[in-house]
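Engineer: Below are the structure tokens for one structure; questions will follow.
The values are calculated or read from the model by the stated rules, or taken from the named source; none is laboratory data. All of these numbers come straight from a predicted model, not from anything done at the bench. With ideal geometry, Cβ positions are generated from the backbone for all residues, glycine too; neighbour counts draw on all protein chains shown.
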Amino acid sequence: MSKAALFIPLAAFILLAFVLGAGFFLEDPHRLPSVLVGKPLPQFKLADVKDLERWVTSEDLLGEVTLLNVWATWCPSCVAEHQQLLKIAREGTVRLVGVNYNDDVAKAQQWLLKLGDPYWVTLADTQGKLGIDLGVYGAPETFLMDASGVIHFRHVGAVTDEIWQNTLRPMVLEFKQNGSQGE
Amino acid sequence: MDHKANRVSPVALLVHKYSRRVHVKRSSLLLILTSLLLAGPAVAAIDSYEFPDDASRQRYQVLVEELRCPQCLNTNLAGSDAMIAKDLRREIHRLVLEGMSDADIREFMYQRYGDFILYRPRVKAGTLLLWFGPVLILAIAIWVFVRYVFSRGRAESAALTLDDESRLKQLLDQSPSQPSPSQKK
């Protein structure tokens, strides 16, 4: 056996270190891929922010392609995102549902009065429980679900015009198309 | 001087020590360093959760230390002040009280946050190299080592045989009345 063979373990170690180490650089280590993609919307029963007496369940959201937007009044980028959401609501391509996440309901009501309300309904997730079921770890986050309630896409961070035009809008149109074909 | 120094913060004390203005006994320095080390875990976020027994408190503690905060790269749930970490600690507390097993709680978190939340990754196709790569390298190293020692051993024993042969010949040539010391063996 030649002496060069003695370097095989070292070479194997360096190779392994490089292969495993490459994982740190291949993608953003902060990125947390959603486990929920391809799964149905989690079950919930939450109060309507605008009418706390009224309960909204997950079943109530079915039947239409929906953008589920997780927001909070304590979230700075939600302010900027809100203008974009109002724009999307005006366009009328997709129904928007708000999830007011870990927030004070009174503040949320104020926010909607002052800045305008793009949402079909806003759910009061004061304890962040729906947030946990959605795998949310901050705000804003936006989920796209089809008419049957299956979640197809999750966007972390503010929805910008670019994301709406290039990513979300084409998907919305596609799901609407598929839905009407199925009927 | 020593007495006065003991009342300032340990860090300041260390600074003094190294600026050679105050003489600190080695034993007290060791004590300070030890207390600094012990102070580490106590800094982590503390929630005042109530548990019916020590066993469930223990389980909660293990889980919040073992699960990673989704918003932070290198902090577990126990050590993070992020809102999501607080929510998840509250959730784990609730699930422990509900009598869910550790495996079920891990599964609950995995269903929502995926691989990211587990500091101890699951064994699956994507993590095989991570789990068994080092074992593989150890196996390769042992194999190479054994092969190397074995082949060297064979070469050396062959050389010895040659050596022995010449010595034997030499001994045979010598007179039988003068045995060589090596022959006693």
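Engineer: Considering B:Leu67, B:Leu77, B:Leu88, which residue is touching a strand residue (DSSP E or B) at 6+ places or on another chain (Cβ under 8 Å), away from chain A (no Cβ under 12 Å) and free of Cβ contacts under 8 Å to residues at least 60 places away in the same chain?
Structural biologist: Of the residues listed, the single one that is touching a strand residue (DSSP E or B) at 6+ places or on another chain (Cβ under 8 Å), away from chain A (no Cβ under 12 Å) and free of Cβ contacts under 8 Å to residues at least 60 places away in the same chain is B:Leu67.
Every residue, every condition in (1) within 14 Å of chain B (Cβ to nearest Cβ); (2) out of contact with any strand residue (DSSP E or B) (no Cβ under 6 Å at 6 or more places or on another chain); (3) assigned to a strand (DSSP E or B); (4) over 24 Å from B:Arg112 (Cβ atoms), yes or no:
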| residue | (1), (2), (3), (4) |
| --- | --- |
| A:Gly98 | no, no, yes, no |
| A:Gln127 | yes, yes, no, no |
| A:Ile132 | yes, yes, no, no |
| A:His155 | no, no, yes, no |
| A:Arg169 | no, yes, no, yes |
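Engineer: Taking the conditions exactly as written (within 14 Å of another protein chain (Cβ to nearest Cβ), farther than 23 Å from B:Met83 by Cα, surrounded by fewer than 17 Cβ atoms within 10 Å (Cβ to Cβ) and within 22 Å of the chain's Cα centre (by Cα)), does A:Lys3 satisfy them or not?
Structural biologist: Answer is no for this residue.
Engineer: Further question on the same structure: Regarding A:Val94, is this residue within 14 Å of chain B (Cβ to nearest Cβ) and surrounded by 12 or more Cβ atoms within 10 Å (Cβ to Cβ)?
Structural biologist: So A:Val94 does not fit the description; no.
Engineer: If you don't mind, another one. Is one or more of the residues making up segment A:125-143 among the β-branched types (Val, Ile, Thr) and surrounded by fewer than 19 Cβ atoms within 10 Å (Cβ to Cβ)?
Structural biologist: yes
Table: residues versus (1) over 16 Å from the mean Cα position of the chain (by Cα); (2) touching a residue at least 12 places away in the same chain (Cβ under 8 Å); (3) more than 30 Å from B:Phe150 (Cα to Cα); (4) facing chain B (nearest Cβ under 9 Å).
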| position | (1), (2), (3), (4) |
| --- | --- |
| A:Pro9 | yes, no, no, yes |
| A:Gly21 | yes, no, yes, no |
| A:Asp28 | yes, no, yes, no |
| A:Pro40 | no, yes, yes, no |
| A:Asp51 | yes, no, yes, no |
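Engineer: Moving to a separate point now. Out of B:Phe132, B:Phe108, report the one residue that is over 26 Å from the mean Cα position of the chain (by Cα), within 11 Å of chain A (Cβ to nearest Cβ) and part of a helix (DSSP H, G or I).
Structural biologist: After applying the criteria, what remains is B:Phe108.
Engineer: Within the set of pairs 6 or more residues apart or between chains, which connect a residue that is modelled with pLDDT of 75 or more inside segment B:144-164 to a residue that is assigned to a helix (DSSP H, G or I) and not aliphatic (A, V, I, L, M) with Cβ atoms less than 7 Å apart?
Structural biologist: Final answer for the pair search is B:Val144/A:Pro9.
Engineer: Residue pairs, Cβ under 8 Å, 6 or more apart or interchain, first in segment A:112-123 and assigned to a loop (DSSP other than H, G, I, E, B), second modelled with pLDDT under 95 and buried (at least 16 other Cβ atoms within 10 Å of the Cβ). List them.
Structural biologist: Once the first residue is assigned to a loop (DSSP other than H, G, I, E, B) and sits in segment A:112-123, its partners that are modelled with pLDDT under 95 and buried (at least 16 other Cβ atoms within 10 Å of the Cβ) give A:Asp117/A:Lys50.
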